[in-house]
1. Only one of these conditions is not met by Thr50: (1) touching a residue at least 24 places away in the same chain (Cβ under 8 Å); (2) among the hydroxyl-bearing types (Ser, Thr, Tyr); (3) more than 26 Å from Asp91 (Cα to Cα). Which number is it?
2. If the Cβ limit is 9 Å and pairs must be 6+ apart or interchain, which residue in the stretch 3-26 that is part of a loop (DSSP other than H, G, I, E, B) pairs with which residue that is crowded, with 18+ Cβ neighbours inside 10 Å and hydroxyl-bearing (Ser, Thr, Tyr)?
3. Inside the stretch 5-54, can you point out the residues that are basic (Lys, Arg) and surrounded by fewer than 14 Cβ atoms within 10 Å (Cβ to Cβ)?
4. Limited to the stretch 25-57, what total is found for residues that are within 25 Å of the chain's Cα centre (by Cα) and of a type outside the set (S, T, N, Q)?
5. Among the numbered criteria (1) out of contact with any helix residue (DSSP H, G or I) (no Cβ under 9 Å at 6 or more places or on another chain); (2) closer than 14 Å to Thr122 by Cα, which single criterion is violated by Arg83?
6. From Leu145, Leu154, which residue is under 14 Å from Arg181 (Cα atoms), in contact with a helix residue (DSSP H, G or I) (Cβ under 8 Å, 6 or more places away or on another chain) and either polar (S, T, N, Q) or in the same structural domain as Gly199 (by TED's automatic domain parsing) (or both)?
7. Could you pull out the residue among Arg142, Arg182, Arg137, Arg178 that is closer than 30 Å to Gly107 by Cβ and modelled with pLDDT under 90?
Amino acid sequence: MLVRDRMTSPVVTVAPDTALSDALALMRERRIRRLPVQDGGALVGIVTWTDLMRALPSPATTLSRWEIPALLARAQVREVMTRHPRVIAPDAPLEEAATMMRDYKIGALPVVAGDALVGIITESDVFDAFITLLGARLPSYRITLDVDDGPSALPDITAAVRMLGLRLHSMASYPAARGRRRVVLRVERTLPIASVVDGLKEHGLAVVHAAADGTTLAEAVARYEPGSPQ
(Lines give C-alpha, C1' and ligand atoms only; values in the text may rest on other atoms or scores of the structure.)
Protein backbone atom coordinates (compact mmCIF):
# COMPACT_ATOMS: atom_id res chain seq x y z
CA MET A 1 0.00 0.00 0.00
CA LEU A 2 1.35 3.39 -1.03
CA VAL A 3 0.81 6.86 0.36
CA ARG A 4 -1.33 7.77 -2.67
CA ASP A 5 -3.74 4.98 -1.72
CA ARG A 6 -4.57 6.60 1.63
CA MET A 7 -3.86 10.31 1.31
CA THR A 8 -6.57 12.97 1.16
CA SER A 9 -6.64 14.73 -2.19
CA PRO A 10 -7.32 17.46 -3.12
CA VAL A 11 -6.10 19.05 0.08
CA VAL A 12 -7.55 22.13 1.79
CA THR A 13 -4.89 24.85 2.13
CA VAL A 14 -4.49 28.41 3.36
CA ALA A 15 -2.15 31.28 2.50
CA PRO A 16 0.44 32.70 4.92
CA ASP A 17 -1.54 35.91 5.29
CA THR A 18 -4.77 34.12 6.24
CA ALA A 19 -6.15 35.42 9.52
CA LEU A 20 -5.99 32.96 12.40
CA SER A 21 -9.73 33.40 12.90
CA ASP A 22 -10.34 32.34 9.28
CA ALA A 23 -8.03 29.33 9.58
CA LEU A 24 -9.81 28.28 12.78
CA ALA A 25 -13.22 28.66 11.13
CA LEU A 26 -12.06 26.62 8.12
CA MET A 27 -10.84 23.78 10.33
CA ARG A 28 -14.14 23.72 12.18
CA GLU A 29 -16.15 23.81 8.96
CA ARG A 30 -14.18 20.99 7.27
CA ARG A 31 -13.63 19.06 10.53
CA ILE A 32 -9.88 18.88 9.97
CA ARG A 33 -6.94 19.59 12.26
CA ARG A 34 -4.18 20.55 9.82
CA LEU A 35 -3.82 22.97 6.93
CA PRO A 36 -0.83 23.08 4.57
CA VAL A 37 0.20 26.66 3.86
CA GLN A 38 0.86 27.65 0.24
CA ASP A 39 2.33 30.86 -1.09
CA GLY A 40 1.96 31.30 -4.84
CA GLY A 41 1.44 27.56 -5.23
CA ALA A 42 4.56 26.65 -3.25
CA LEU A 43 4.32 24.77 0.04
CA VAL A 44 5.82 26.99 2.73
CA GLY A 45 4.44 25.57 5.95
CA ILE A 46 1.71 23.74 7.83
CA VAL A 47 -0.55 24.99 10.59
CA THR A 48 -2.36 22.74 13.06
CA TRP A 49 -5.28 23.06 15.43
CA THR A 50 -2.77 22.95 18.29
CA ASP A 51 -0.86 25.88 16.78
CA LEU A 52 -4.06 27.92 16.71
CA MET A 53 -5.04 26.96 20.23
CA ARG A 54 -1.64 28.03 21.51
CA ALA A 55 -2.09 31.37 19.78
CA LEU A 56 -5.36 32.07 21.60
CA PRO A 57 -5.13 34.42 24.56
CA SER A 58 -4.84 32.77 27.97
CA PRO A 59 -8.03 32.50 30.06
CA ALA A 60 -6.23 34.81 32.48
CA THR A 61 -5.90 37.54 29.86
CA THR A 62 -7.22 41.01 30.62
CA LEU A 63 -8.50 41.37 27.06
CA SER A 64 -12.23 41.82 26.74
CA ARG A 65 -14.44 39.45 24.75
CA TRP A 66 -14.59 42.08 22.01
CA GLU A 67 -10.82 42.50 21.82
CA ILE A 68 -10.01 38.78 21.39
CA PRO A 69 -11.79 38.34 17.98
CA ALA A 70 -10.12 41.52 16.76
CA LEU A 71 -6.73 40.17 17.82
CA LEU A 72 -7.33 36.87 15.98
CA ALA A 73 -8.44 38.74 12.89
CA ARG A 74 -5.17 40.73 12.82
CA ALA A 75 -2.84 37.77 13.52
CA GLN A 76 -1.83 35.72 10.47
CA VAL A 77 -1.08 32.06 9.86
CA ARG A 78 2.55 32.89 9.01
CA GLU A 79 3.09 33.83 12.67
CA VAL A 80 2.26 30.37 14.07
CA MET A 81 2.83 27.90 11.22
CA THR A 82 5.64 25.36 11.08
CA ARG A 83 7.92 26.39 8.23
CA HIS A 84 9.48 23.94 5.77
CA PRO A 85 7.48 20.91 7.00
CA ARG A 86 8.60 17.38 6.34
CA VAL A 87 6.94 15.96 3.24
CA ILE A 88 6.56 12.62 1.52
CA ALA A 89 6.05 11.47 -2.07
CA PRO A 90 2.78 9.85 -3.22
CA ASP A 91 4.62 6.70 -4.34
CA ALA A 92 6.33 6.18 -0.98
CA PRO A 93 5.32 3.04 0.95
CA LEU A 94 2.77 3.69 3.66
CA GLU A 95 5.11 2.30 6.30
CA GLU A 96 7.64 5.01 5.40
CA ALA A 97 5.02 7.65 6.23
CA ALA A 98 4.21 5.89 9.51
CA THR A 99 7.91 5.70 10.41
CA MET A 100 8.45 9.39 9.69
CA MET A 101 5.45 10.41 11.77
CA ARG A 102 6.62 8.26 14.64
CA ASP A 103 10.29 9.30 14.48
CA TYR A 104 9.58 13.02 14.18
CA LYS A 105 6.51 12.99 16.44
CA ILE A 106 4.23 14.62 13.89
CA GLY A 107 0.63 13.82 13.04
CA ALA A 108 0.60 14.46 9.29
CA LEU A 109 2.74 14.80 6.18
CA PRO A 110 1.98 16.93 3.13
CA VAL A 111 2.29 14.79 0.01
CA VAL A 112 4.40 16.40 -2.71
CA ALA A 113 5.05 15.27 -6.28
CA GLY A 114 7.90 17.32 -7.66
CA ASP A 115 7.03 20.85 -6.54
CA ALA A 116 3.29 20.24 -6.45
CA LEU A 117 1.26 19.64 -3.31
CA VAL A 118 -1.02 16.71 -4.21
CA GLY A 119 -2.42 15.62 -0.86
CA ILE A 120 -1.94 15.11 2.84
CA ILE A 121 -1.68 11.92 4.87
CA THR A 122 -2.43 11.84 8.59
CA GLU A 123 -1.98 9.42 11.46
CA SER A 124 -5.68 8.56 11.19
CA ASP A 125 -5.13 7.50 7.56
CA VAL A 126 -2.32 5.19 8.72
CA PHE A 127 -4.53 3.73 11.48
CA ASP A 128 -7.32 3.09 8.95
CA ALA A 129 -4.86 1.36 6.61
CA PHE A 130 -3.59 -0.83 9.48
CA ILE A 131 -7.17 -1.86 10.27
CA THR A 132 -7.82 -2.68 6.61
CA LEU A 133 -4.58 -4.63 6.12
CA LEU A 134 -5.28 -6.80 9.17
CA GLY A 135 -8.93 -7.32 8.27
CA ALA A 136 -10.04 -6.11 11.69
CA ARG A 137 -13.50 -5.04 10.52
CA LEU A 138 -14.28 -8.28 8.70
CA PRO A 139 -16.38 -10.99 10.41
CA SER A 140 -13.50 -13.36 11.07
CA TYR A 141 -11.51 -15.46 13.51
CA ARG A 142 -8.21 -14.05 14.72
CA ILE A 143 -5.74 -16.88 15.24
CA THR A 144 -2.21 -16.45 16.58
CA LEU A 145 0.35 -19.18 15.85
CA ASP A 146 3.81 -19.82 17.26
CA VAL A 147 6.03 -21.10 14.45
CA ASP A 148 9.65 -21.77 13.67
CA ASP A 149 11.34 -18.76 12.09
CA GLY A 150 12.26 -20.65 8.94
CA PRO A 151 11.34 -20.84 5.25
CA SER A 152 8.79 -23.64 5.73
CA ALA A 153 6.52 -21.70 8.10
CA LEU A 154 4.50 -19.84 5.46
CA PRO A 155 3.88 -22.87 3.19
CA ASP A 156 2.83 -24.94 6.22
CA ILE A 157 0.32 -22.31 7.33
CA THR A 158 -1.21 -21.71 3.90
CA ALA A 159 -1.44 -25.49 3.31
CA ALA A 160 -3.28 -25.95 6.62
CA VAL A 161 -5.71 -23.12 5.86
CA ARG A 162 -6.35 -24.55 2.39
CA MET A 163 -6.96 -28.06 3.74
CA LEU A 164 -9.52 -26.66 6.17
CA GLY A 165 -11.30 -24.97 3.28
CA LEU A 166 -10.97 -21.52 4.83
CA ARG A 167 -10.59 -18.17 3.14
CA LEU A 168 -7.57 -16.26 4.46
CA HIS A 169 -8.44 -12.59 4.94
CA SER A 170 -5.04 -11.44 6.20
CA MET A 171 -1.76 -12.65 7.67
CA ALA A 172 0.92 -10.76 9.59
CA SER A 173 3.98 -11.87 11.54
CA TYR A 174 6.49 -10.52 14.02
CA PRO A 175 9.57 -11.90 15.82
CA ALA A 176 8.97 -13.71 19.10
CA ALA A 177 11.49 -15.70 21.13
CA ARG A 178 14.82 -16.54 19.54
CA GLY A 179 14.25 -18.63 16.43
CA ARG A 180 10.47 -18.30 16.67
CA ARG A 181 7.80 -16.08 15.12
CA ARG A 182 4.21 -15.21 15.93
CA VAL A 183 1.88 -15.28 12.95
CA VAL A 184 -1.55 -13.65 13.22
CA LEU A 185 -4.22 -14.93 10.83
CA ARG A 186 -7.67 -13.62 10.03
CA VAL A 187 -9.79 -16.39 8.52
CA GLU A 188 -13.44 -16.53 7.54
CA ARG A 189 -15.95 -17.86 10.03
CA THR A 190 -17.38 -20.79 8.08
CA LEU A 191 -16.45 -23.38 10.76
CA PRO A 192 -16.78 -23.31 14.56
CA ILE A 193 -13.67 -21.72 16.00
CA ALA A 194 -12.84 -24.86 17.98
CA SER A 195 -12.81 -26.85 14.72
CA VAL A 196 -10.44 -24.32 13.17
CA VAL A 197 -8.09 -24.54 16.17
CA ASP A 198 -8.20 -28.35 16.17
CA GLY A 199 -7.58 -28.46 12.43
CA LEU A 200 -4.53 -26.21 12.68
CA LYS A 201 -3.15 -28.32 15.53
CA GLU A 202 -3.63 -31.49 13.49
CA HIS A 203 -1.39 -29.90 10.87
CA GLY A 204 1.33 -29.44 13.48
CA LEU A 205 0.74 -25.74 14.14
CA ALA A 206 0.86 -24.33 17.68
CA VAL A 207 -2.13 -22.08 18.39
CA VAL A 208 -1.48 -19.66 21.26
CA HIS A 209 -4.54 -17.43 20.95
CA ALA A 210 -7.93 -17.56 19.23
CA ALA A 211 -10.67 -14.97 19.14
CA ALA A 212 -13.75 -13.96 17.18
CA ASP A 213 -14.20 -10.25 16.52
CA GLY A 214 -11.72 -9.44 19.27
CA THR A 215 -13.37 -11.52 22.00
CA THR A 216 -11.67 -14.71 23.16
CA LEU A 217 -14.04 -17.67 23.08
CA ALA A 218 -14.12 -19.95 26.11
CA GLU A 219 -15.04 -22.82 23.78
CA ALA A 220 -11.72 -22.44 22.01
CA VAL A 221 -9.65 -21.70 25.10
CA ALA A 222 -10.60 -25.07 26.57
CA ARG A 223 -9.23 -26.90 23.55
CA TYR A 224 -5.66 -25.65 23.32
CA GLU A 225 -2.78 -24.65 25.55
CA PRO A 226 -3.05 -20.86 25.83
CA GLY A 227 0.05 -18.75 25.51
CA SER A 228 0.69 -15.15 26.44
CA PRO A 229 -2.03 -12.63 25.44
CA GLN A 230 -1.49 -11.04 22.05
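The values are calculated or read from the model by the stated rules, or taken from the named source; none is laboratory data. The structure presented is a predicted model; accordingly, all values stated were derived computationally and were not measured. For neighbour counting, all protein chains shown are included, and Cβ atoms are generated from backbone atoms with ideal geometry for every residue, glycine included.
1. Among (1) touching a residue at least 24 places away in the same chain (Cβ under 8 Å); (2) among the hydroxyl-bearing types (Ser, Thr, Tyr); (3) more than 26 Å from Asp91 (Cα to Cα), Thr50 violates only (1).
2. Met7/Thr122
3. In the first step, residues of the stretch 5-54 are kept if they are basic (Lys, Arg); the result is 6, 28, 30-31, 33-34, 54.
Arg28, Arg30, Arg31, Arg54, listed by residue number.
4. Residues of the stretch 25-57 that are within 25 Å of the chain's Cα centre (by Cα), as a first pass: 26-37, 43, 45-53.
If we keep only those that are of a type outside the set (S, T, N, Q) too, we end up with 26-37, 43, 45-47, 49, 51-53.
The number of residues fulfilling the criteria is 20.
5. Result: Arg83 fails condition (2) only.
6. Going through Leu145, Leu154 in turn, just one is under 14 Å from Arg181 (Cα atoms), in contact with a helix residue (DSSP H, G or I) (Cβ under 8 Å, 6 or more places away or on another chain) and either polar (S, T, N, Q) or in the same structural domain as Gly199 (by TED's automatic domain parsing) (or both): Leu145.
7. On the way: Arg142 fails: modelled with pLDDT under 90; Arg182 fails: modelled with pLDDT under 90; Arg178 fails: closer than 30 Å to Gly107 by Cβ.
Just one listed residue meets the conditions, Arg137.
Residues checked against (1) of a type outside the set (Val, Ile, Thr); (2) within 30 Å of Val87 (Cα to Cα):
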position: Arg102; (1), (2): yes, yes
position: Gly107; (1), (2): yes, yes
position: Pro110; (1), (2): yes, yes
position: Ser140; (1), (2): yes, no
position: Arg189; (1), (2): yes, no
position: Val196; (1), (2): no, no
position: Gly204; (1), (2): yes, no
